[in-house]
Amino acid sequence: LLEHGEQGALGVVLNRVSDQTVSEVWDAIDADPCDCDQLMNIGGPVSGPLIALHTSEELSDKEVLPGLFMSLQRDQIDQLVRQAEHAFRLYSGNSGWGGGQLEGEMEIGGWLTTPAKAEDVFADPDDLWRDVTSRIGLKIMLPEKQRGKLPPDASLN
């Protein structure tokens, strides 16, 4: 979750990786190619601007967590994809909720939560779901699975 307020919430899926590289996407949107072979991330089903999560305070629009920053501005993202100094992940699409929608989903048990950690953004996407849910605890998750609130393969969520 990147932003949350009365108007709604904005987030990105951290463990859904695309098969396209940042270079391939950048070539389609900028006349000056970059050579970043990092894979793009699919932030969610809602189209919108590219979102960069990174460790560079000077290239940020806002701090999301201590030491983790977000950029939406094209010039900031351009500098990020052309450097090797700061860790970053680039997301196409996002997950969004209208005012009160996310709270309603949480009230009916649609989401399990745990405090965010900046290092989750840069973790191995294949292990991230397992690692984060282990912080929540198996005792909490089993009743949700038994009540049918989790899909058969919840790691795809």
task = Filter the stretch 84-93 down to residues that are in contact with a Leu (Cβ under 9 Å, 6 or more places away or on another chain) and not small (Gly, Ala, Ser) and give me whichever is farthest from VAL25 (Cα to Cα).
result = HIS86
request  = Out of the residues in the stretch 64-99 that are in a loop (DSSP other than H, G, I, E, B) and either of a type in the set (D, E, K, R) or out of contact with any strand residue (DSSP E or B) (no Cβ under 8 Å at 6 or more places or on another chain) (or both), state the one that is farthest from MET40 (Cα to Cα).
outcome  = PRO66
inquiry  = Looking at the structure I just gave you, is ASP19 surrounded by fewer than 17 Cβ atoms within 10 Å (Cβ to Cβ), outside the structural domain of TRP129 (by TED's automatic domain parsing), closer than 26 Å to ARG130 by Cα and of a type in the set (D, E, K, R)?
reply    = yes
key: Residue within the stretch 85-95 that is closer than 16 Å to LEU1 by Cβ and either exposed (fewer than 13 other Cβ atoms within 10 Å of the Cβ) or acidic (Asp, Glu) (or both) present   = no
request  = Report the residue count in the stretch 22-45 for those that are outside any loop (DSSP other than H, G, I, E, B), surrounded by 13 or more Cβ atoms within 10 Å (Cβ to Cβ) and not hydroxyl-bearing (Ser, Thr, Tyr).
outcome  = 9
query = Is there a residue in the stretch 101-108 that is modelled with pLDDT of 95 or more, aliphatic (A, V, I, L, M), closer than 17 Å to GLY5 by Cα and not in a strand (DSSP E or B)?
reply = yes
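The values are calculated or read from the model by the stated rules, or taken from the named source; none is laboratory data. Computed from a predicted model, the values in this text were never measured in an experiment. Here Cβ is always computed from backbone atoms with ideal geometry, including for glycine, and neighbour counts include all displayed protein chains.
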